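First the structure, in the form of structure tokens, and then the observations on it.
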Amino acid sequence: MDVQSETPSGETLLVGLSNLGMAGVTATDYLVRHLDSEQVGHVRAHNFPAITPFQNGEPRHPMRLYTLEDTALSVLLGELFVPVWATHPFTDALLEWISSAAVEEIAVLHGVPFPHGPEEHAVFHVSTPEYRERHLVDAGIQPLSGGFLDGVVGDLVAQGLDEGGPPVGVYITPTHPPGPDIDAALLLLDTLQDIYGFTIDEEELQARSEELKQYYQELTQRMESLSEDEQSLVTQDYPEDRMFM
């Protein structure tokens, strides 16, 4: 695992990785496409399941580093899921690169499908003391009450607690698989703008959210028109998606 990059201009590294609900990667992808951004590098992952994303016929690395002009942010956009067994090599390579770059802190956008009620469609935080003092004392963002973080996100926070580790803040919102949870991505973007003082036009993402809602509403109506036996045949291979738990 290694990071190949020019020196980024942003003092905060914003991390959006692929996981259930895709909220973090959706939000960071929207940022780099709708703000003035420049790709400055990528993370090369050895012995990972290989994917090569492409757009308009042009291939690109699945884990890319960007700078965002007129902000204090650099972005790590990870379209490749990082398996648990690769957590330590990945975070070690990332933190080694951070120590040699002009990055002073890490902010992670993280959507997780966890039990919640309708009033808990919000963004919460898990953060190291120094990050919390920098950004969250008067931000009005509630800490997540309890649980644990695993994988890359958990390891980044754990290393941020160690002496000499970078301040780390994780912004967490509940997601609703399957498919990308665009409403969760919008919540993360709103929070990020409040914390780091920039603005972005969310109209396109809001429109995509409405299209998905309409699609699922029509799908629900079609399902309700089927008999119980027909519904069983359609849904038996799919997990139940509980929006409110």
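Some notes on this structure:
- Tally of residues being in contact (Cβ under 8 Å) with a residue 40 or more places away in the chain, in contact with a Gly (Cβ under 9 Å, 6 or more places away or on another chain) and outside any helix (DSSP H, G or I) across region 25-65: 2
- Residue 125, sole failed condition from (1) modelled with pLDDT under 95; (2) within 19 Å of the chain's Cα centre (by Cα): (1)
- Single match in 138, 92 (criterion: charged (D, E, K, R) and touching a residue at least 60 places away in the same chain (Cβ under 8 Å)): 92
- Selected residue (only one of 125, 110 is in a strand (DSSP E or B), without any contact (Cβ under 8 Å) to a residue 60 or more places away in the chain, open to solvent by less than 30 Å² (accessible area, probe 1.4 Å) and within 22 Å of residue 199 (Cα to Cα)): 125
- Checking residue 46 against (1) under 28 Å from residue 191 (Cα atoms); (2) out of contact with any Lys or Arg (no Cβ under 8 Å at 6 or more places or on another chain), the condition it does not meet: (1)
- Residue 204 fulfils the conditions (1) more than 30 Å from residue 137 (Cα to Cα); (2) surrounded by 10 or more Cβ atoms within 10 Å (Cβ to Cβ); (3) modelled with pLDDT under 90 except for a single criterion, (3).
- Residue in region 134-146 that is assigned to a helix (DSSP H, G or I), touching a strand residue (DSSP E or B) at 6+ places or on another chain (Cβ under 8 Å) and among the β-branched types (Val, Ile, Thr) present: no
- Options 75, 82; residue that is within 28 Å of residue 33 (Cβ to Cβ), in a strand (DSSP E or B) and touching a helix residue (DSSP H, G or I) at 6+ places or on another chain (Cβ under 6 Å): 75
- Residue within region 37-59 that is closer than 25 Å to residue 104 by Cβ and either loosely packed, with under 13 Cβ neighbours inside 10 Å or under 14 Å from the mean Cα position of the chain (by Cα) (or both) present: no
- Any hit, region 70-89, residues being more than 17 Å from residue 162 (Cα to Cα) and without any contact (Cβ under 8 Å) to a residue 24 or more places away in the chain: yes
- Residue identified as under 18 Å from the mean Cα position of the chain (by Cα) and either at pLDDT below 90 or open to solvent by 80 Å² or more (accessible area, probe 1.4 Å) (or both) among 194, 190: 194
The values are calculated or read from the model by the stated rules, or taken from the named source; none is laboratory data. What you are looking at is a predicted structure, and each value in this text was computed from that prediction instead of being measured. Cβ atoms come from the backbone with ideal geometry, glycine included; neighbour counts cover every protein chain shown. For accessibility, only protein heavy atoms count, side chains too; no ligands or nucleic acids. Shrake-Rupley method; radii C 1.70, N 1.55, O 1.52, S 1.80 Å.
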